[in-house]
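*Asks:* First, the structure itself, so that you have it in front of you.
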Amino acid sequence: MKRLVYLISPSKINEKFYEDLDKVLSFKNVKFFQLRLKNIKKNKILKIIKIVQKITKKHKVKLIINDNYALACKMNADGCHMGQLDGSFKIARKKLKKKILGVTCHNSKSFAIDAIKNKADYVAFGSFFKSRLKPKAKKADLNILKWAKKNIKKPIVVIGGIDNLNYKKLMNYGAKYIALSSFIWDNPKLKPELAIKKFK
């Protein structure tokens, strides 16, 4: 099966989460798992990363740390994802060496060109639909995907309100990976291990 999902963690992690993550990743359609935790004490984050890392390794999924390339290096994660305000991509690239660097580009061609110049390994565009995780996220439109497919030679990740009914359209426009979070972790109708099976 094709690994097309770029899975983002829920914003709060409880004990049951690890069991759910193990079940979700065993479906084998997730390529990356991004740990995106805000305002959590450092020693707690380190503990979470250690447990998550065992699960991602078991399922051969790349572990990406959000925002913090120093932490990604320290914990020997597979890479780091950076937003436009998360510091210098140049420094991040140097520190991460051969690890993965991904960059959020919203709906901007110039951000994407800059990311590629700084040797990003993938670019992420969005938000394409209304997102519960980031309700105030900037909107992106399908034209940016058409442009990126032609001009960007790196994998394209799409993000923002993606579900089982709208993801194929984005793939048809050139997305290689679809970022999912709320649909998997906060789905009122489906448990995480059933929600992930909707993406083949």
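*Asks:* Residue by residue through the range 9-28, note down the ones that are hydrophobic (A, V, I, L, M, F, W, C), open to solvent by less than 10 Å² (accessible area, probe 1.4 Å) and farther than 15 Å from Lys58 by Cβ.
*Replies:* Phe17
*Asks:* Check Lys41 against each of (1) within 30 Å of Lys146 (Cβ to Cβ); (2) open to solvent by 40 Å² or more (accessible area, probe 1.4 Å) and name the one condition it does not meet.
*Replies:* (1)
*Asks:* Continuing with this model, one more query. Mind checking whether some residue in the range 93-106 is hydroxyl-bearing (Ser, Thr, Tyr) and touching a helix residue (DSSP H, G or I) at 6+ places or on another chain (Cβ under 6 Å)?
*Replies:* no
*Asks:* Same structure again: When Arg132 is evaluated against the numbered criteria (1) crowded, with 22+ Cβ neighbours inside 10 Å; (2) over 27 Å from Ala70 (Cβ atoms), which criterion, by number, is the only one it fails?
*Replies:* Result: Arg132 passes all but (1).
*Asks:* So if I check each of Lys189, Lys139, Lys154, Lys176, which one is in contact (Cβ under 8 Å) with a residue 24 or more places away in the chain, more than 30 Å from Lys94 (Cβ to Cβ), open to solvent by 60 Å² or more (accessible area, probe 1.4 Å) and of a type outside the set (Gly, Ala, Ser)?
*Replies:* None of the other options fit; the residue is Lys139.
*Asks:* Before we move on, is Ala120 open to solvent by less than 50 Å² (accessible area, probe 1.4 Å), more than 26 Å from Tyr18 (Cβ to Cβ) and touching a helix residue (DSSP H, G or I) at 6+ places or on another chain (Cβ under 9 Å)?
*Replies:* Details: open to solvent by less than 50 Å² (accessible area, probe 1.4 Å): yes; more than 26 Å from Tyr18 (Cβ to Cβ): yes; touching a helix residue (DSSP H, G or I) at 6+ places or on another chain (Cβ under 9 Å): yes.
So Ala120 fits the description; yes.
*Asks:* Taking interchain pairs and intrachain pairs at least six residues apart, which have beta carbon atoms under 8 angstrom, with the first residue in the range 114-132 and more than 19 Å from Phe89 (Cα to Cα) and the second in a helix (DSSP H, G or I) and open to solvent by less than 10 Å² (accessible area, probe 1.4 Å)?
*Replies:* Phe128/Leu170
*Asks:* In this structure, does Leu71 turn out to be of a type outside the set (Val, Ile, Thr), part of a loop (DSSP other than H, G, I, E, B) and over 19 Å from Val123 (Cα atoms)?
*Replies:* The answer is no for Leu71.
*Asks:* Oh, and also: Among the residues of the range 157-170, write down those that are in contact with a strand residue (DSSP E or B) (Cβ under 7 Å, 6 or more places away or on another chain) and open to solvent by 40 Å² or more (accessible area, probe 1.4 Å). Break it down into steps so the answer makes sense when it comes.
*Replies:* Residues of the range 157-170 in contact with a strand residue (DSSP E or B) (Cβ under 7 Å, 6 or more places away or on another chain): 157-160, 162, 167, 170.
Across the range 157-170, the qualifying residue is only Ile159.
The values are calculated or read from the model by the stated rules, or taken from the named source; none is laboratory data. Note that the coordinates shown come from a computational prediction; the quantities given were computed from them, not determined experimentally. Note that we place each Cβ from the backbone using ideal geometry, even for glycine, and neighbour counts take in every protein chain shown. Note: accessible area is taken over every heavy atom of the protein model, side chains too, but ligands, DNA and RNA are not part of it. Shrake-Rupley method; radii C 1.70, N 1.55, O 1.52, S 1.80 Å.
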